[in-house]
Amino acid sequence: MFSLEIVERSPENPEVDAVAKISIGSYSERFGVCFLPDGEKATIENWREELSQLVDGVGFASIRSQPLMAWILYQEGDAVIVQQHCLVEEWEGELDDNGHIVRVPARTSSSADGVRVSEWTTTLDAIRSFLSH
């Protein structure tokens, strides 16, 4: 199972535009979202484009939630592994001049300090099902 949606507009936190919810299997998390300059619709369209590229075989998708935060989805066969990344100076991915993620770091299950990275697994079929609605 996979879903991604805006669940609250005008949240109490003035640093974000909305609150979204991601569900991956039995796991769910609410998180703050800063919309793209063109607003909510453009942000949701960007998320859907990223997911569409993933199922079309790109190998990864990035769901930006805030300027320094993103959900990174790695395709491994029919499985999709989801991790939340903080896009700080040490992050090993690459952004283009517009701030779009064009390369993600290789997936690892532990941090440089040896701490296990939280990750959740879904399937390409679950992503396809989400996109069909």
Check your understanding: Right, Ser118: of a type in the set (Ser, Thr, Tyr) and either outside any strand (DSSP E or B) or touching a Cys at 6+ places or on another chain (Cβ under 6 Å) (or both) or not?
Key -> yes
Check your understanding: For Lys21, all conditions in the list (1) exposed (fewer than 14 other Cβ atoms within 10 Å of the Cβ); (2) at negative phi hold save one; what is the number of the exception?
Key -> (1)
Review point. Restricting segment 101-118 to residues that are of a type in the set (D, E, K, R) and without any contact (Cβ under 8 Å) to a residue 12 or more places away in the chain, which is surrounded by the fewest Cβ atoms within 10 Å (Cβ to Cβ)?
Key: Asp113
Exercise for review: Using the structure shown, decide if Pro11 is touching a Gly at 6+ places or on another chain (Cβ under 9 Å) and either modelled with pLDDT under 95 or among the aromatic types (Phe, Trp, Tyr) (or both).
Suggested key: yes
Check your understanding: Which ones in segment 33-49 are at pLDDT below 95 and either closer than 18 Å to Gln83 by Cβ or small (Gly, Ala, Ser) (or both)?
Key -> Gly39, Ala42
Review point. How many of the residues making up segment 37-83 are in contact (Cβ under 8 Å) with a residue 40 or more places away in the chain and either of a type in the set (S, T, N, Q) or in a helix (DSSP H, G or I) (or both)?
Key: 10
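Yes/no per residue for (1) within 24 Å of Ser132 (Cβ to Cβ); (2) in contact with a helix residue (DSSP H, G or I) (Cβ under 6 Å, 6 or more places away or on another chain); (3) not aromatic (Phe, Trp, Tyr):
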{"site": "Glu5", "(1), (2), (3)": "yes, no, yes"}
{"site": "Phe35", "(1), (2), (3)": "no, yes, no"}
{"site": "Asp38", "(1), (2), (3)": "no, no, yes"}
{"site": "Glu50", "(1), (2), (3)": "yes, no, yes"}
Check your understanding: From the set of residues in segment 97-133 that are over 17 Å from Trp71 (Cα atoms) and of a type in the set (Asp, Glu), which is nearest to the chain's Cα centre (by Cα)?
Key -> Asp125
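The values are calculated or read from the model by the stated rules, or taken from the named source; none is laboratory data. A quick note: this is a predicted structure, and the numbers were derived from the prediction, not measured. Positions of Cβ are generated from backbone atoms using ideal geometry, with glycine treated the same way; all protein chains shown enter the neighbour counts.
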